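Input: a single structure, listed below in structure tokens.
The values are calculated or read from the model by the stated rules, or taken from the named source; none is laboratory data. All values reported here derive from a predicted model rather than from experimental measurement. Positions of Cβ are backbone-derived with ideal geometry, glycine not excepted, and every protein chain shown enters the neighbour counts.
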Amino acid sequence: MKVDFGGAGDILFEQVGRAGIVTLSRPASLNAINHGMVSALARALSAWEADTAIERVIIRGEGRAFSAGGDILDVYRAGLEGEASPDFFADEYRLNAAIARFPKPYIALIDGIVMGGGVGVSFHGSHRVMTENAVFAMPEVGIGFFPDVGGSHLLSRLPGELGMYLALTGNRIRRGDACAAGLATHSVDAGNLSALTEALCETDNVDGTLSLFAVAPEPELNEGIRHAIARHFSFESLTEILDSLSGDQDDWAHQTLATIEKRSPTSLCVAFRQVRAGAMLEMDECMTMEFRILNRMLAGHDFYEGIRAVLVEKGSTPRWQPETLGEISEEYINSYFAPLPEGELKL
């Protein structure tokens, strides 16, 4: 039975058996999350939380991606005209927090790319199911932004400093590494997703049903690289991490350092601080912190420069300001985390 919570066809809702099913339905845009989709999903979760006929929620993507991120080009255009608004992000962050506290099983079936805003509507739920096609990344430092949508909560809790590595590089991982880190709770083969979805709509036992379909993938990163990540990214300052990578003669360390050095210096400093801070914060506190950062990013330079270089004039080299880490003071980074004079995010 189809249900209408809005979203202008970009996000679809239906009730099947005991489940509310959400389908991200913008395949031509890799299911990029827009404001209408955020509002519609928030309405659906509010209604389904109170509906005793809905015992669980399943979210999936149409086409070859789960969701490649947030639809931020409108934010970019508004910013160029001096009219940047945090409203989309405020509603998105409220949704991320609502998913984290949702009292019923929330099962994300992740087949294909999942990044940025797509992570926000999937990985805060109780069950994160990845297929062999799934690719996870938080690549925001490459566009002068930061790992938001709850990235400070999610990444800070990954073992072996994997979260800090992902935040500072923006690199991708697949299901084997995601399962090993607890980022994904289950792995299934893509060919079984339809049968799994049908079973999840009828079963008395969500965990048992997922276990029946689950496979056990091997981590893609070898043991040596996992140890290197844990060693290099464990330091208590960004400078120490970079010095550690620089002092290692291994090719992997050199490549990783080269990747980081292409990122926005401001974004790197903010991402390092937020991941370290996030480990000590609850989800709602993380969203409050991220909204503070977001407002400063919208008022800055690198976010718009990164989108111009990466998404608008694809393939050009961004010109970051400040250009180097040495130009960035502690006071400057502190300003990104300071309370908002105009009021904090209301959750």
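Given Val114, Val57, which one is in contact (Cβ under 8 Å) with a residue 24 or more places away in the chain and either under 28 Å from Val312 (Cα atoms) or part of a loop (DSSP other than H, G, I, E, B) (or both)? Can you show your working first?
Working: Val57 fails: either under 28 Å from Val312 (Cα atoms) or part of a loop (DSSP other than H, G, I, E, B) (or both).
Val114 is the lone residue from the list that is in contact (Cβ under 8 Å) with a residue 24 or more places away in the chain and either under 28 Å from Val312 (Cα atoms) or part of a loop (DSSP other than H, G, I, E, B) (or both).
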Could you check how many residues of region 189-202 are in contact with an Asp or Glu (Cβ under 9 Å, 6 or more places away or on another chain) and crowded, with 23+ Cβ neighbours inside 10 Å?
0
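Rundown of residues vs (1) modelled with pLDDT under 95; (2) assigned by TED's automatic domain parsing to the domain that holds Ser122; (3) assigned to a helix (DSSP H, G or I); (4) more than 18 Å from Glu92 (Cβ to Cβ), yes/no style:
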site	(1), (2), (3), (4)
Leu12	no, yes, no, yes
Gln15	no, yes, no, yes
Val22	no, yes, no, no
Val38	no, yes, yes, no
Leu41	no, yes, yes, no
Trp48	no, yes, yes, yes
For region 34-50, indicate whether the set of residues that are within 21 Å of Val129 (Cα to Cα), out of contact with any Asp or Glu (no Cβ under 6 Å at 6 or more places or on another chain), free of Cβ contacts under 8 Å to residues at least 60 places away in the same chain and surrounded by fewer than 17 Cβ atoms within 10 Å (Cβ to Cβ) is non-empty.
no
So if I check each of Ala299, Ala279, which one is closer than 19 Å to Ser335 by Cβ and surrounded by fewer than 19 Cβ atoms within 10 Å (Cβ to Cβ)?
Ala299
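Identify all residues within region 177-200 that are assigned to a loop (DSSP other than H, G, I, E, B) and among the β-branched types (Val, Ile, Thr); write none if there are none. Outline the logic, then answer.
Narrowing region 177-200 to residues assigned to a loop (DSSP other than H, G, I, E, B): 181-185, 188-189.
Scanning region 177-200 gives Thr185, Val188.
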Assuming Val215 fulfils every condition listed in (1) in a helix (DSSP H, G or I); (2) over 14 Å from the mean Cα position of the chain (by Cα); (3) of a type in the set (A, V, I, L, M, F, W, C) apart from one, which condition is it?
(1)
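If I go through region 140-175 residue by residue, how many of them are within 20 Å of Thr256 (Cα to Cα) and free of Cβ contacts under 8 Å to residues at least 60 places away in the same chain?
Filtering region 140-175 down to residues within 20 Å of Thr256 (Cα to Cα) leaves 140-147, 155-156, 158-174.
Still in the running and free of Cβ contacts under 8 Å to residues at least 60 places away in the same chain: 158-159, 166, 172-174.
Summing the residues that are within 20 Å of Thr256 (Cα to Cα) and free of Cβ contacts under 8 Å to residues at least 60 places away in the same chain in region 140-175 gives 6.
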Determine which member of the set Gly63, Gly112, Gly70, Gly117 is modelled with pLDDT under 95 and of a type outside the set (A, V, I, L, M, F, W, C).
Gly70
So Gly315 passes all but one of these: (1) touching a Pro at 6+ places or on another chain (Cβ under 9 Å); (2) within 23 Å of Asp74 (Cα to Cα); (3) surrounded by fewer than 20 Cβ atoms within 10 Å (Cβ to Cβ). Which condition number does it fail?
(1)
So, Arg26, is that one surrounded by 16 or more Cβ atoms within 10 Å (Cβ to Cβ) and among the basic types (Lys, Arg) or not?
yes
Quick one: in region 70-111, of everything that is of a type in the set (Ser, Thr, Tyr) and part of a helix (DSSP H, G or I), which residue is surrounded by the most Cβ atoms within 10 Å (Cβ to Cβ)?
Tyr93
